[in-house]
Structures are given as C-alpha cells and as structure tokens.
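Take a look at the structure below.
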Amino acid sequence: ARNAIRALMADWSPGLELGLSTYGHRRKGDCGDIETLIPLGAADPQAVIAAVDGIQPKGKTPLSDAVRRAAEEMKYTEDAATVILISDGIETCDADPCAVGAALAESGVAFRAHVIGFDLDEKEQDSLRCLAENTGGQFIPAGNAASLQDALGQVVEVTVTEVQVKAEPPKPEPVAAAGMRFKALYAEGGPQVKGALSWEVNEAVKDIDGNRKRVAYSYDTEPFFELAPGAYLLSVTVGSATGTVEFEISADSPREMAVVLDAGLAAVMAKRTAGAEPIAGNLSWEVYGVDKDIDGKRKRFAYSYDNQPLFTLPAGRYLLEVTHGASGGKAEIEVEAGKRAEAEIVLDSGIAAMSAALTEGAEPIGGSLAWEVFETETDIDGKRSRVTYSYDNQPQFFLHAGEYLVVLKRSASTTEALIAVEAGQRAEIIVDMAAGILKARAEGAGGSMSWEVLNAEPGIDGKRARVSYSYDAQPEWTLPAGRYVVSLKSAGATGSTEVEIGAGKRHELVLQMQ
C-alpha cells in the first residue's frame, strides 16, 4: 500500500486537492481511533508519503465511521465529495457499510465512495462492495501489490475525471458584499498560520443569558465572511492557541484583518538513549503549563499519541511529559511567538521481551499467563510497587534501566524472576517455571465434582496445604514440580491418590472412585 501511494504521488497534479485519513493505528480495541493525517487541500506529495510511512496498524477497523467523517470534513451536504477507501479487512465496529453508503448518498449533494478491497475473500468483498455501489462508486478487488497499485490508479483517474466534469469556475465575490477577510499570524509581522484553523464569528452583544449568537464559521486558511453591518467578536483556534478580536462592519470598514495568536510551535521526540533513533510507536504525550493552581495542579494544554507531535501553543513555558509503556520522561520547553522550539526527551529505557517455558530449553508456553513487574526495593511496609502488568503470552515491557522482579502466574504455578534492563537494549528473557501439567479425570464418578490438589508433605501443623481446586469434570492444572495429593468428592463417592509432577512434563491422571 505504501508503494502504491508513492507511485501515485510521483505523478500527482499540484492543482488537485487531497486529504488523508486513517484508523486503528494508535490504540488497540478503540473504535474511535480515527485521525485525519492530511487535511483536505493542495497536496504536498512528500508530506502524504511521510504520513503513510508512519502508519502502524494495530487496532479495530471502523471503516464506516471513517468514511462518514471524511465526508463531513469535505462538507458533502454542500459540495460534491469523493472518498477513496483502501481496506484489507471488513468493518469490525458494529456498523453497516451498506447503510452508511446509502445514507451518505441520500443526504449528500453528489457523494461517491470508491472502494479498493485488498486481499479479501468473496464474502468479505461483498460486505464492502455495497458501500461503493450504494453511492454510485466503483468497487475494485486487489490481490497483490501490483493489482493494488493498478486499482488505486483506476479510481483516482475516475475521481479526477468526475471532478473536472463537475467543476465550475469559482464565483467572484460580490463587489458590493459587506464583509471581511481574515488571516492568522503566529506573531506580529508573521509568519502566517496555514492549515488546521477553526474560525468563529459571534455577535459582539450578549443576550439576556450572557451568550453570544454565532453567525458564521470556517475552517479555511483565509476565510471571507459576508456580514451585515454591526459589531462582532471573532475567534480563531489552531492547536492549543486561540486569538480573538472585536471588529465592526460598516461602509468604511477595512475588508481585511490579521489576527495575532501570540503563539509558536513545539516539535518533540523521545529517545531511549542520547543519540539513538527516535522511538516509534506506543507513545503518549501531554503538555502542561509549568505553574500550578491553588490546588497544586497544572493546566493541561495538549496531548498526542503521535511519534513526533508538533504542538501549536501560546507563547510561554511548558512541561512536557511522555509515556512509553512503563517508562517515561519530562522536560520543560520555552515557546516563543512566531518561532519553532524543539525538545528531545531521553527516557533511559530498554525493552524486556518476556516468554515462559515449563522447564529450561522447552518451547515457550502460552495461554492463561499473568505477568506482573515490580520494583525490587520494598517500602516501609515490606511491599513492592507494581510497575506494569500483562496477560499476553510473550509481552514486551518498556522499562527504565534497572533491576525488576517479574512474577508469572499460570494456574497453580507462580514463578519469580529477577531481570535487568539496560538503556537502549532489548533483553530476550525466558522464565523457567520449573513446572508441569496435570490433567485429571475420574472413573466411577457422577454428578457434581469437587477436586482438590494438596501438598504431599504436611505443614508444621500436620495439615496438608491446599494448592488448587476445581469443579470441572476433567480439570487441568499447571503445578510446580513436586509431589501432590489429588482428591475428588462426587455424589457421595471419594477418591484420592498421590502424584509426582516433573518439570516440563504432562501427566494424565485417572482417579478410581470408591
């Protein structure tokens, strides 16, 4: 898909507008993980290619909602709009692509969705074909990289032709129209803000409830608002920066005005060690003001899950916080109006790639694993602070350099292991559980069953400690290597026997009931 986009951008006409949205690239299991990477406008081919190269699929496939949002961004109820959807999967977020396509076609001026289904079987293709057909668009299946590139070229050619046919010469602004054109500046004298702007015009006078009536809005870079004579309050927002200005429309009022945001840019990145490559993926950024309020809290100005976000912020000092798994870092940054500030946070962290085996040299085991990572030092109460956890079979923990205690649980087996993490290094760690698996069933049992697994050796009080239990007909336990007594009660009958569990071994027990 990336190669297909590169080929498309190589011959892209500068006069054609383009936007780029993606989904399921930041968070697992989040149907709201939809992001516009490139707002609709004159396309910068290199920016589009860079955005596509940075996509790392990892989550759900909310393709219906993504198409709907793209249509809304193009104001499809006011102007002709076309969306090209490229998907290698079907809708996974409880939405109906067929119904969404029909609804967009009905409410839009001239809305079309072209769909390219990459590496889909016939049933999956049918679930997406109707999205295109219900809007008058094309559905093209693609089975490999070459056919994907051909399909993308076809739908783009069709789309460009449609745009050229439907395009009308721009209507000149009425000479006599009362109004004003605006632009936003980072600082007095510039530079000008381009893209991602949100403008709003309200009446200057508040109503009896203290509210101002909104009369116009725009997302253009230099909007022109046609307004009746009177007083107004304009606000413009980009990122976390906002500028406001009061103005009047009259016979002799100016027709253009610049709004100064008194803001700048903050470009940030995180590295595991100084001089290393920037971390890509699984990053969470937050930007706070450095000053605390009366409750000791800082105001949050912005956040992002991008690898190297670019924040637009009012001029001032800020505290940056970045989290990468269980590691993180902080840094202060000074943002000056009209300037770009850069910050690099070094996390002093590494990766612990964990897996587990029943015994040394055995294949990794999976299923029902519970991992916990603790600090090695204990507090005054003798407790350790938990750093992170996972239920994956082979989790990757992003940790600050240092030593940690890993606790692994599977069934009745608990294993502890000390690990060391070095900054900038990846440690492949296999935890030796020194355990085996016991599968039990009973002959002569009927009705409900109550199993118990006890240590074979009694404790100091003369009693055997219970290790585990089950009410299943044929339970299976993971147990540390050693000797145990397995007992069963079922419908008045009982059975008991001693077993020896060997590390890395699987044991089948048939218990005779009496």
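The values are calculated or read from the model by the stated rules, or taken from the named source; none is laboratory data. None of these values were measured; they are calculated from a predicted model. As a convention, Cβ positions derive from the backbone with ideal geometry for all residues, glycine included, and neighbour counts pool all protein chains shown.
One residue stands out in the stretch 266-300 among those that are over 24 Å from the mean Cα position of the chain (by Cα) and under 23 Å from Tyr186 (Cβ atoms): the one that is surrounded by the most Cβ atoms within 10 Å (Cβ to Cβ), namely Gly289.
Quick check: is even one residue across the stretch 246-259 modelled with pLDDT of 95 or more and either in a loop (DSSP other than H, G, I, E, B) or among the hydroxyl-bearing types (Ser, Thr, Tyr) (or both)? Scanning the stretch 246-259 turns up no residue that is modelled with pLDDT of 95 or more and either in a loop (DSSP other than H, G, I, E, B) or among the hydroxyl-bearing types (Ser, Thr, Tyr) (or both). Of the strands (runs of 3 or more DSSP E) lying entirely inside the stretch 352-463, those containing at least 2 residues that are within 28 Å of Glu500 (Cα to Cα) are 370-378, 402-410, 413-421, 426-432, 435-443, 450-455.
To keep it simple, each residue is scored yes or no on (1) buried (at least 19 other Cβ atoms within 10 Å of the Cβ); (2) among the charged types (D, E, K, R).
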position: Phe397; (1), (2): yes, no
position: Glu416; (1), (2): no, yes
position: Ala427; (1), (2): no, no
position: Ala440; (1), (2): yes, no
position: Gly444; (1), (2): no, no
position: Trp451; (1), (2): yes, no
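Condition check for Glu222 on (1) under 30 Å from Gly264 (Cβ atoms); (2) modelled with pLDDT under 95: one failure, at (2).
Scanning the stretch 303-357 for residues that are closer than 25 Å to Ala51 by Cα and either out of contact with any strand residue (DSSP E or B) (no Cβ under 7 Å at 6 or more places or on another chain) or of a type in the set (Lys, Arg) (or both) returns Asp306, Lys339, Arg340. State yes or no: is Leu310 closer than 28 Å to Ala184 by Cα and loosely packed, with under 15 Cβ neighbours inside 10 Å? In short, yes.
Filtered by the rule that a residue be over 18 Å from Ala99 (Cα atoms) and in contact (Cβ under 8 Å) with a residue 24 or more places away in the chain, the stretch 118-136 gives Phe118, Asp119, Leu120. Considering only the stretch 449-459, I want to know if a residue exists there that is out of contact with any strand residue (DSSP E or B) (no Cβ under 6 Å at 6 or more places or on another chain) and of a type in the set (D, E, K, R). For the stretch 449-459, residues out of contact with any strand residue (DSSP E or B) (no Cβ under 6 Å at 6 or more places or on another chain) and of a type in the set (D, E, K, R): present.
Of the candidates Lys60, Lys75, the single residue that is under 21 Å from Leu131 (Cα atoms), over 22 Å from the mean Cα position of the chain (by Cα) and basic (Lys, Arg) is Lys75. For residues that are modelled with pLDDT of 75 or more, of a type outside the set (Lys, Arg) and in a helix (DSSP H, G or I), scanning just the stretch 129-151, find the one that is surrounded by the fewest Cβ atoms within 10 Å (Cβ to Cβ). Here the residue is Asp150.
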